[in-house]
Amino acid sequence: MSENVKKGGVIIINDNDKNSVDAIKKTKNKIIELSKIKKLGIKIEPKVVGSFNKLNASMAAIVGDTLKIPKEKIEKSLKEFKGSWRRLEEKPSIGKTRVIDDYGHHPTEITMTLAAIREENPHAKILCVFQPHQHNRTIELLKGFANSFHDVDEVIVPDIYKVRDKAEDIAKISSKILSEEINKACKKQKASDGRGLKKTAEFILKNHANYDIIVTMGAGDIYNIHGMLA
């Protein structure tokens, strides 16, 4: 893909990532490596949590430097950035319980996002409410999903968001089956079938005080649950 960059273009890569290094082997354009950030002396202090967000901020800083943006402006922008919609987005708390919403719907995204939350909150009791996206996709990624929740204490799967699903796929997988697979893979965690958004919201309203943080995740209509928690 790197060879498709126009002549005279610049490619910024994470030189600690083998795939990124392999991807630029055929390019003739200028390469700027992530390790350059140390030489720039720019403070990377994003408000959003997680090592992957710090990595993203570092790459953004290099872009800013490449575009001749003053160091002070880059640092100020990184400090003021609060994240984007549905990416570790802070929602109104329920009592003393924090609520975080995230669009993550692939096993890698889920794992990294929950690891970031755990990293910042090592002793918190965390409930993740995860809504898979599409039945066929849930079947294909079942093993990955089942192994994505080691950094939380409990998981509720309210339902599977239906998109272009065939009847045979709907018959093969359910929130109950997925929660059972999570229980098999994550021995220290407890996963359960939420039996729909409404019943899941009712559970949260009754039990939120048992958790320090509740995370809602998924690319479907999981965000509608927040209106049920008011």
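Side notes on the structure shown:
- Among Asp151, Asp22, Asp165, residue whose mean-square fluctuation peaks in a GNM of the chain (springs only between Cα atoms under 10 Å): Asp22
- Residues within the reach of a label modelled at Val5 (point 7 angstrom out along Cα to beta-carbon, backbone nitrogen below 16 Å), restricted to the stretch 29-69, are 29-37, 59-68.
- For Ile100, the amide hydrogen comes within under 5 Å of the amide hydrogens of Lys91, Ile214, Val215, Thr216, counting only partners 5 or more places away or on other chains and with H modelled in the peptide plane.
- Relative to its residue count, the stretch 19-148 spans a Cα convex hull of 165 Å³ per residue.
- For the stretch 165-190 versus the stretch 77-138, the gap between their alpha-carbon centres in whole angstrom: 20
- Average Cα contact separation per residue, the chain, under 8 Å, 6 or more apart, as relative contact order %: 18
- Magnitude of the charge dipole for the chain, about its Cα centre and with charges confined to Cβ atoms of Lys, Arg (+1) and Asp, Glu (-1), is about 680 debye.
- 5 angstrom amide H check on Ile12, placed H, neighbours 5+ away: Ile32
- Residues in the stretch 208-225 reached by a label modelled at Arg87 [backbone nitrogen below 16 Å; 7 Å Cα→Cβ]: 218-219
- Average 1/r across all pairs of distinct alpha carbons in the chain, invert it, and you get the Kirkwood radius: 19.6 Å.
- Between the stretch 1-31 and the stretch 194-230, the Cα center-to-center distance that results, in Å: 43
FYI, it's all coordinate maths here, none of it is from the lab. The shown structure was predicted, so the numbers you read here are calculated from the model rather than taken from an experiment. A quick note on method: Cβ atoms are made from the backbone with ideal geometry, for glycine too, and the neighbour counts reach across all protein chains shown.
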